[in-house]
Amino acid sequence: MMLDEVQTRLDALVGALDGHDAGAIIAATEELATAVILFRGASIPPGSEHRARALIGKTLGQLEAAAIRVNILKDWTRQRIDRSHEIRGTHHRGAALNY
């Protein structure tokens, strides 16, 4: 089922986020986007609707967890940038990393 592929790609993204590896995060994000696009065009086989609903619920929870990780990494990066400016005695030029 295509949803299993989405789940696998989401697990890879969460692992990349936890590993703080920018290259792995980018690759996992692209792979997840591809899996989601393919899932949107796929049909759910008859008789597997209950399983699909359960997997979708699990996936949505993991997406929320991934979003929290992204926000934490964003905050850490902002703190490091601010500390770097403090050490150098410079001022940052506006808000960085605003999404």
* Failed condition for G47, given (1) over 16 Å from Q7 (Cβ atoms); (2) at pLDDT 85 or above -> (2)
* Structure fact -> Screening L32, L13, L17 for residues that are in contact with a Ser or Thr (Cβ under 7 Å, 6 or more places away or on another chain) and open to solvent by less than 70 Å² (accessible area, probe 1.4 Å) leaves only L13
* Is it the case that R69 is at pLDDT below 85, open to solvent by less than 80 Å² (accessible area, probe 1.4 Å) and of a type in the set (D, E, K, R)? -> yes
* Among the residues of segment 37-64, how many are part of a helix (DSSP H, G or I), touching a residue at least 24 places away in the same chain (Cβ under 8 Å) and out of contact with any Leu (no Cβ under 9 Å at 6 or more places or on another chain)? -> 2
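The values are calculated or read from the model by the stated rules, or taken from the named source; none is laboratory data. It should be emphasised that the depicted structure is a prediction, and the values quoted were computed from it without experimental measurement. No Cβ is skipped: glycine too gets one built from the backbone with ideal geometry, and neighbour counts run over all protein chains shown. To get the accessible areas, we keep the full protein, side chains included, count just its heavy atoms, and leave off ligands, DNA and RNA. Shrake-Rupley method; radii C 1.70, N 1.55, O 1.52, S 1.80 Å.
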